[in-house]
Amino acid sequence: MKMAKFVKFEVSKDLADKIYESVEIAKNTGKLRKGVNETTKCIERGLAKLVIVASDVEPEEVLMHLPTLCNEKKVLCVEVPSKLELGKAAGIDVATSSIAIEETGDANRMVENVKKKVGALEK
């Protein structure tokens, strides 16, 4: 599967797993926004700490505005391979195209590590 449709770099399987785990921990101890509309509002209001988009979303135009918006608001946007796995990590029974972590909760250290690793990939 080809990735990096929305962002400038490709994440490894290991990093994608860490991102899913961050979402799971934030779901239990922090606050998530699920779906494109909620994610967009969270970014626009300056509340998003990390934005995760799935690369297997069709049509891809649904998500194309998120990386640009994240860039404007200086929020990291990362891409994971599966919308179904993203939905499971967020604690919902359906796939979701995007998630915004609004409050990291106990996932703070993990989210910061993801940001560092992605920052190294961007360079």
Exercise. Has the stretch 48-55 got any residue that is more than 14 Å from the chain's Cα centre (by Cα) and either at pLDDT 90 or above or aliphatic (A, V, I, L, M) (or both)?
Worked result: no
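Identify, please: which residue in the stretch 68-77 is in contact with a Cys (Cβ under 8 Å, 6 or more places away or on another chain) and more than 17 Å from E38 (Cβ to Cβ) and is, among those, surrounded by the most Cβ atoms within 10 Å (Cβ to Cβ)?
Taking the stretch 68-77 first, the residues in contact with a Cys (Cβ under 8 Å, 6 or more places away or on another chain) are 70-71, 76-77.
From what is left, the residues that are more than 17 Å from E38 (Cβ to Cβ) are 71, 76.
Numbers: N71: 12, L76: 19.
Step by step, filter the stretch 68-77, then rank; the result is L76.
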Exercise. Which of (1) within 22 Å of N113 (Cα to Cα); (2) touching a helix residue (DSSP H, G or I) at 6+ places or on another chain (Cβ under 6 Å); (3) not in a loop (DSSP other than H, G, I, E, B) is the odd one out, the single condition D17 does not satisfy?
Worked result: (2)
Problem set entry | Residue match in the stretch 31-38 (condition: touching a residue at least 60 places away in the same chain (Cβ under 8 Å) and part of a helix (DSSP H, G or I)) | yes
Exercise. Of (1) touching a helix residue (DSSP H, G or I) at 6+ places or on another chain (Cβ under 7 Å); (2) part of a helix (DSSP H, G or I), E102 satisfies all except one. Which?
Worked result: (2)
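Does E58 meet the test of being surrounded by fewer than 18 Cβ atoms within 10 Å (Cβ to Cβ), assigned to a helix (DSSP H, G or I) and either among the acidic types (D, E) or in contact with a Phe, Trp or Tyr (Cβ under 6 Å, 6 or more places away or on another chain) (or both)?
Working: surrounded by fewer than 18 Cβ atoms within 10 Å (Cβ to Cβ): yes; assigned to a helix (DSSP H, G or I): no; either among the acidic types (D, E) or in contact with a Phe, Trp or Tyr (Cβ under 6 Å, 6 or more places away or on another chain) (or both): yes.
Criteria not met by E58.
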Exercise. Just to be sure, is E112 assigned to a helix (DSSP H, G or I), of a type in the set (D, E) and within 22 Å of S12 (Cα to Cα)?
Worked result: yes
Problem set entry | Per-region count, the stretch 42-53, residues out of contact with any helix residue (DSSP H, G or I) (no Cβ under 6 Å at 6 or more places or on another chain), assigned to a helix (DSSP H, G or I) and surrounded by 14 or more Cβ atoms within 10 Å (Cβ to Cβ) | 1
For this session: State all residues of the stretch 78-123 that are closer than 26 Å to E58 by Cβ, surrounded by 14 or more Cβ atoms within 10 Å (Cβ to Cβ) and of a type outside the set (A, V, I, L, M); if no residue qualifies, say none.
Result: E79, P81, S82, K83, E85, G87, K88, T96, S97, S98
Exercise. Which members of the stretch 75-97 meet the condition of being part of a strand (DSSP E or B) and touching a Lys or Arg at 6+ places or on another chain (Cβ under 8 Å)?
Worked result: L76, E79
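The values are calculated or read from the model by the stated rules, or taken from the named source; none is laboratory data. The shown structure was predicted, so the numbers you read here are calculated from the model rather than taken from an experiment. A quick note on method: Cβ atoms are made from the backbone with ideal geometry, for glycine too, and the neighbour counts reach across all protein chains shown.
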